[in-house]
Amino acid sequence: MDLSAEAWEKKYREGQARWDLGCPAPPLINLLASERAPKAGRLAVLGCGSGQDAMLFASAGFEVVGFDFAPTAVERARATAKARNLNVLFLQRNIFDLGADFADCFDLVLEHTCFCAIDPGLRQQYVQTAAKILRPSGCLIALFNTSNQLDRPPFGIKPKTILDLFSPYFEVILFQPATDSIASRQGREHLAIFQVRSN
């Protein structure tokens, strides 16, 4: 299975980005409107795609940087943000290279449809990257795909496995099934807020 940047770029160019809702994810919209909403700060969006979730947080006062390695996704995100008059920086980067240039740079990291798209063998590296680019006491906000699909993207993952992977680096602030997912993802998502462990 080809999970290269070129393969994902081809999907964007050919209109096969079926994971792209065309709007922010409802659980993230509702999180920002709740008493659990994180304090605005500098936020990195990993695998930001066309930038819908990034722009949601930008419109709520966050300083947002979106990263994706598909050029077409980044171009679309930039164009949409400009049309909406939102100040969001979108960069074409491989997320696994961010630790070198962005260590301790962000108050928050946002995860939605990136973790489930990478090779499952890279999940440990993903966790380490997220922890590295966060400042002390920074938080990961995530909407995880906890479906049973294991043979192709979006790769599902058991909730316990998520906790096993992240707990060496993060404290669990919130981890629960999402009850407000879109219809096709009902019962297949968990909302999480994980805070970087202090040394």
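The values are calculated or read from the model by the stated rules, or taken from the named source; none is laboratory data. Since we're looking at a predicted model, the values are computed, not measured. Cβ sites come from the backbone with ideal geometry, for glycine too, and all protein chains shown count toward neighbours. Ligands, DNA and RNA are excluded from the accessible area calculation, which covers all protein heavy atoms including side chains. Shrake-Rupley method; radii C 1.70, N 1.55, O 1.52, S 1.80 Å.
The number of residues in segment 57-71 being touching a residue at least 40 places away in the same chain (Cβ under 8 Å) and either open to solvent by 20 Å² or more (accessible area, probe 1.4 Å) or charged (D, E, K, R) (or both) comes to 2. From the list 164, 107, 151, 101, the one residue that fits, being out of contact with any Ser or Thr (no Cβ under 7 Å at 6 or more places or on another chain) and under 20 Å from residue 55 (Cβ atoms), is 107.
Consider segment 41-56 and keep the residues that are in a helix (DSSP H, G or I) and in contact with a Cys (Cβ under 6 Å, 6 or more places away or on another chain). The one that is surrounded by the fewest Cβ atoms within 10 Å (Cβ to Cβ) is 52.
Quick check, is residue 82 surrounded by fewer than 14 Cβ atoms within 10 Å (Cβ to Cβ), among the basic types (Lys, Arg) and farther than 20 Å from residue 47 by Cα?
On the way: surrounded by fewer than 14 Cβ atoms within 10 Å (Cβ to Cβ): yes; among the basic types (Lys, Arg): yes; farther than 20 Å from residue 47 by Cα: no.
Answer is no for this residue.
Among the residues of segment 172-180, not a single one is under 20 Å from residue 122 (Cα atoms) and either buried (at least 16 other Cβ atoms within 10 Å of the Cβ) or over 15 Å from the mean Cα position of the chain (by Cα) (or both). Name the residues in segment 168-190 that are out of contact with any Ser or Thr (no Cβ under 9 Å at 6 or more places or on another chain) and part of a strand (DSSP E or B), would you? If the condition is that a residue be out of contact with any Ser or Thr (no Cβ under 9 Å at 6 or more places or on another chain) and part of a strand (DSSP E or B), then 170, 172, 173, 174, 175, 176 are the ones that fit. Among the numbered conditions (1) in a helix (DSSP H, G or I); (2) in contact with a Lys or Arg (Cβ under 6 Å, 6 or more places away or on another chain), the only one that residue 107 does not meet is (1).
Selection within segment 147-167: residues that are modelled with pLDDT of 95 or more, outside any helix (DSSP H, G or I) and over 14 Å from residue 121 (Cα atoms). The member of this set that is least open to solvent (accessible area, probe 1.4 Å) is 167.
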